[in-house]
Amino acid sequence: MAQRKLLVTGSSGLIGSEVVTYFDALGWEVHGIDNNMRADFFGSGGDTRWNQQRLISTCRNFTHHEVDIRDRRAVLETVAALRPDLLVHAAAQPSHDLAAKRPFDDFDVNAVGTLNLLEATRLHSPETVFVYLSTNKVYGDAPNELPLVELETRWDYARPEDYNGIREDMRIDQSKHSIFGASKAAADIMVQEYGRYFGMRTCCLRGGCLTGPNHSGVELHGFLSYLIKVNVTGGLYRIYGYKGKQVRDNIHSYDVARFIEAFYEAPRVAEVYNLGGGRANTTSILEAFKHIEALSGKPMRYEYVDQPRAGDHICYISDLSKMRAHYPNWDITKTLDMVFEEIFLAWQARIANA
């Protein structure tokens, strides 16, 4: 049997690098596209070259390609040359705040870059299974319309029917998304359309807080990684609105890679899934402070800014019912405690080796 081939965009980022490592361990031929645009977006704190070098030195069957997904010709040539069995598109401009300052770059990366990859796949490798890392920001601030109750350390859903979180039938229009959310929504719809219109096996994973020890967390992107980094380094964390009680569900990048494998083994056409840690892996900012303080023994230094980020979610929990129904052998394996400990130890090691 021929060796299966994977192409990952954003291969030096959190999800991209996890997918590279996971499929390399399975014996796949793995190719990664990354041009370290994260350093351009976020400065030295967002630089991912360290992760690229880690992959090159530790993976057996990994090849790095210095390609910008906005470069249409380069994308077409790369996909035509490789014709991968699986394409995982994880490259993105991921920040709300930055998108408003650099809207052309944001749209060119998130929307146009995705179209370049879709069309390259349709023209040169239409049997490829195409998995797109979308975002829960495609729902805009519509999730904030659900009735909420304020508890001591978090906001939560007031109605029993909302307990498990946001389902895939939440509307994606007529709400405030942030410019980033709008560009990702454009790409999300296009990925679905290439599935429905051309019959390609595509999937949108609408991620909540995707996290793990290989995240180059910065203030504008990478909630849990950045929060833990600030505690470890003794920095000052800024809470933006909602009393620090805003809630997110967190999924380890390893469990993301496991789901991608499950989808590849039994692909569907134009499918959409909400991807997160579910109810069991939720934390508010205030709760996360307590969690990392208990691990590190260091108090969290923070200040409060009484202005939420535009389009930000107050309480967002991913309902995993559809994922579990379609892929019953998949489930969350990394608990919130495990996630915190792994990220904490990784930041300690990274700072010690800096």
In Å, descending, principal axis extents of the Cα set of region 53-111:
40, 27, 18
Cα-centre dipole for region 5-352 with unit charges at Cβ (Lys and Arg positive, Asp and Glu negative), debye to 20:
240
If unit charges are put on Cβ atoms (+1 for Lys and Arg, -1 for Asp and Glu) and the dipole of the chain is taken about its Cα centre, the option from SER95, LEU345, LEU76 lying farthest towards the positive end turns out to be LEU345
May I ask you to compute the full-extension gain from LEU26 to PHE104, defined as 0.36 nm times their residue separation minus their alpha-carbon distance, rounded to one decimal in nm?
24.3 nm
Across region 5-352, how many lysine pairs, 8 or more positions apart or on different chains, have C-alpha atoms separated by under 17 Å? Please give the number.
10
Using the 2.2 N^0.38 Å rule of thumb for compact globular proteins, work out how region 5-352 stacks up: its C-alpha Rg over that value, please.
0.93
Kirkwood-based Rg/Rh on the Cα set of region 124-188 evaluates to 1.11
Taking θ as phi - 60°, what are the ³J(HN,Hα) couplings along region 50-58 by the Karplus curve (6.51, -1.76, 1.60), each to the nearest whole Hz, with x for Gly and Pro?
4, 6, 4, 5, 4, 5, 4, 7, 10
State, as an integer percentage, the relative contact order of the chain based on alpha-carbon contacts under 8 Å between residues 6 or more apart.
18
Run the helix sum for the chain: -39,500 (n - 2.57) per DSSP H stretch of 4+ residues, divided by residue count, reported at 222 nm to the nearest 500 deg cm²/dmol.
-12000 deg cm²/dmol
Restricting the calculation to Cα positions, tell me the Rg (one decimal) and the Dmax (whole number) of region 77-170 in Å.
18.5, 56
If you rank SER57, SER12 by fewest surrounding Cβ atoms within 10 Å, what's the result?
SER57, SER12
Cβ-Cβ FRET estimate between ASP169 and ASP97, R0 fixed at 22 Å, reported to 0.05
0.15
Need one number: convex hull volume per residue for region 1-48, Cα atoms only, in Å³.
53
Going out from 0 in 10 Å bins, what whole percent of all Cα-Cα distances in region 261-322 drops into each bin?
15, 31, 30, 16, 8
Tilt of helix 14-25 relative to the longest C-alpha principal axis of the chain, in degrees (0 to 90, nearest 10)?
50
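Grab the Cα-Cα distance for ASP47 and ARG159, subtract it from 0.36 nm times how many residues apart they are, and report the gain in nm with one decimal. Present the calculation step by step, with values, prior to reporting the outcome.
Values: separation 112, 0.36 × 112 = 40.32 nm, distance 4.22 nm.
So the extension gain works out to 36.1 nm.
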Work out the charge dipole of the chain with +1 on the Cβ of Lys and Arg and -1 on the Cβ of Asp and Glu about the Cα centre, then indicate which of VAL247, ALA185, HIS291 is farthest towards its positive end.
HIS291
Between the residues ASN329, MET170, GLY45, the Cα farthest towards the positive end of the dipole of the chain, that dipole coming from +1 and -1 charges on the beta-carbon of Lys, Arg, Asp and Glu, is from GLY45
Using 0.36 nm per residue, how much length does the chain from ARG301 to ARG196 gain when fully extended, once their Cα-Cα distance is taken away?
32.9 nm
Take every DSSP beta bridge whose two residues both sit in region 5-352, then give the antiparallel share in percent to the nearest 5.
15
Rounded to the nearest 10, the angle in degrees between the Cα long axis of helix 285-296 and the longest principal axis of the Cα atoms of the chain comes to 90
Principal-axis tilt of helix 223-233 within the chain, Cα atoms, nearest 10 degrees
60
Treating only the Cβ atoms of Lys and Arg (+1) and Asp and Glu (-1) as charged, compute the dipole magnitude of region 1-116 about its Cα centre; round to the nearest 20 debye.
200
Which values, in whole Å and largest first, are the semi-axes of the equivalent ellipsoid of region 196-354 obtained as the square root of 5 times each eigenvalue of the Cα gyration tensor?
31, 18, 14
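None of the figures in this text is laboratory data; all of them are computed from the coordinates on show. Every value quoted in this text rests on a predicted model; they were computed, and no experiment measured them. Note that we place each Cβ from the backbone using ideal geometry, even for glycine, and neighbour counts take in every protein chain shown.
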